[in-house]
Protein chains: 2
Amino acid sequence: MLDNISIVLVNPSHPGNIGAAARAMKTMGLSQLCLVSPDDFPSGTATALASGADDILRNARICATLDEALADCQFVVGTSARVRGVSLPLVDPRACAQSIIDEAVTQKVALIFGREDKGLTNEQLQRCHLQVHIPTNEDFSSLNLGAAVQVMSYELRMQQLINADALEMPKPRTHELANMDDMERYYDHLHQVLMEIGFLDHSSHEKIMAKLRRLYGRVRPDRVELSILRGVLSETQRCLASDNKK
Amino acid sequence: MLDNISIVLVNPSHPGNIGAAARAMKTMGLSQLCLVSPDDFPSGTATALASGADDILRNARICATLDEALADCQFVVGTSARVRGVSLPLVDPRACAQSIIDEAVTQKVALIFGREDKGLTNEQLQRCHLQVHIPTNEDFSSLNLGAAVQVMSYELRMQQLINADALEMPKPRTHELANMDDMERYYDHLHQVLMEIGFLDHSSHEKIMAKLRRLYGRVRPDRVELSILRGVLSETQRCLASDNKK
């Protein structure tokens, strides 16, 4: 499905940005790059910045005009740094990714990025069905072209993973949690040791034990962790006993 | 609230990545950068890549150790390129941003990124409360350090905007939509012109008009658009009439 999505860079001036865009795309599983009249390509700088995404650069389509690049597409989305008064539906990157992934099931989609210094012109935006704006800081909206491709590619991958129900992260390895009986035996043991070392006295012990119960209740230790805590208590008692013998 | 979030780069090797990270942060409204034992900083390359985010570089805290960088933080999140068997809760960037933004209301939060070539070590991850993994392509997970900072900074800004109910994009300027009476008058006019130019005949006109109704029904033109469409019809009739006079 991601193969139905082309990233189209219109007249990019810096080859490094082309390479960075290729790398950004590949990390997110996109493969179709199209360059409209690039100033400097192929280029060693682009290859260096692609950092292993050479296949994307090698397979990139080079077009003379935007119309040529869009010819076989049924759905076109334009990225815009400014929120301009074009009469086009305007969405954030997340909503945009939802639309693109939905369309890309059956249609060829182009996501187009303008030249670094000026973005897409109004004439270029008029070819789009949808406009996307990355909601940058109003006081510093200077998003690098490669970074913009990274953000949009990331959102496309997230949306694809969510649709495929494949976003779930592996759960950390955990042991069975200690049950309440284990915990009560621990609190008894802890109480006993804290009395032995003189940390608790008869006036304070209830209040302090309540605080310690709250702390360990929040932790919810597993059985392995609890056996470590129990071990510390036992070892403390062993030391005290051998000290007393001296 | 974003001021309570520090981006911590542990032992970064390339000054360009430090600059790109600063730029990425500033575009998303983050300002607190901390560098743990950078190989090469300050650096002209960092300043060039920051592309105007010099203030972030100038105000960056430089620490000798990770412990020094984290000393005043209450919540620490580690980024990890690989999904490792560390017994830490592991989340995707979106869920991570939710946690961080929630914590940052009252706590100081650090989001730490490892060295370019090896990421965070297990020892460094052990200082974290949460681990985040950007779900890259399994066959090409080589995300540039600046790009990783860009993705995480973007998610933090999105979450902040969502919480502040400030993500809504401006609606395109539209005129009042045509009502059904306007549309019926248009279809009458269209039918008349299509008969006059001989596009419709008595056998086909119902079927074709039904298709045209479906098309314009989908378009839902506004009043200005409909008056343009009506103007085209009127002008066609005017031309036909003047041709007939010749």
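What follows is calculated from the coordinates using simple rules that are stated; it is not laboratory data. As the structure is a prediction and not an experimental result, all values here were calculated from the model. Because the Cβ atoms are built from the backbone with ideal geometry, glycine has one as well, and the counts that use them run over all protein chains shown.
Spherically averaged projected area of the convex hull of Cα atoms, the stretch A:8-55: 2.8 nm². Going from the fewest other Cβ atoms within 10 Å to the most, the residues B:Ile62, B:Ile101 appear in the order B:Ile62, B:Ile101.
So in the stretch A:2-164, what percent of DSSP beta bridges are antiparallel if you round to the nearest 5? The antiparallel fraction comes to roughly 5 percent. Partners of B:Lys26 within straight-line reach, counting lysines whose Cα lies under 30 Å from its Cα and excluding those fewer than 8 residues away in the same chain: A:Lys26, A:Lys118, B:Lys108, B:Lys118, B:Lys171. Ignoring aspartates and glutamates fewer than eight residues from A:Lys245 along the same chain, the ones with Cα atoms less than 20 angstrom from its Cα are A:Glu196, A:Glu235.
Overall shape of chain A was characterised from the C-alpha gyration tensor. The equivalent ellipsoid obtained from it has semi-axes of 62, 20, 18 Å, in decreasing order. Computed about its Cα centre, the charge dipole of the stretch A:1-127 is approximately 240 debye, with only Lys, Arg, Asp and Glu carrying charge at their Cβ. Per-residue ellipticity at 222 nm, computed for the protein assembly as shown from helices alone with -39500 (n - 2.57) per DSSP H run of at least four residues, works out to -15000 deg cm²/dmol. Applying both filters, DSSP loop and at most 15 other Cβ atoms within 10 Å, to the GluC sites (Glu not before Pro) of the stretch B:173-246 gives B:Glu176.
Report the Stokes-Einstein translational diffusion coefficient (µm² s⁻¹, integer) for the protein assembly as shown, Rh taken as the Kirkwood radius over Cα pairs, at 10 °C with viscosity 1.306 mPa s. In µm²/s, the coefficient is 59.
This model, with +1 at the C-beta of Lys and Arg and -1 at the C-beta of Asp and Glu, gives the stretch A:160-246 a dipole about its Cα centre of some 240 debye. Antiparallel beta bridges, as assigned by DSSP with both residues in the protein assembly as shown, represent about 10 percent of the total such bridges. Ordering A:Val219, A:Val151 by the number of other Cβ atoms within 10 Å of each residue's own Cβ, fewest first, gives A:Val219, A:Val151. Per the Cα gyration tensor, the stretch A:180-244 maps to an equivalent ellipsoid with semi-axes of 20, 17, 8 Å, ordered largest to smallest.
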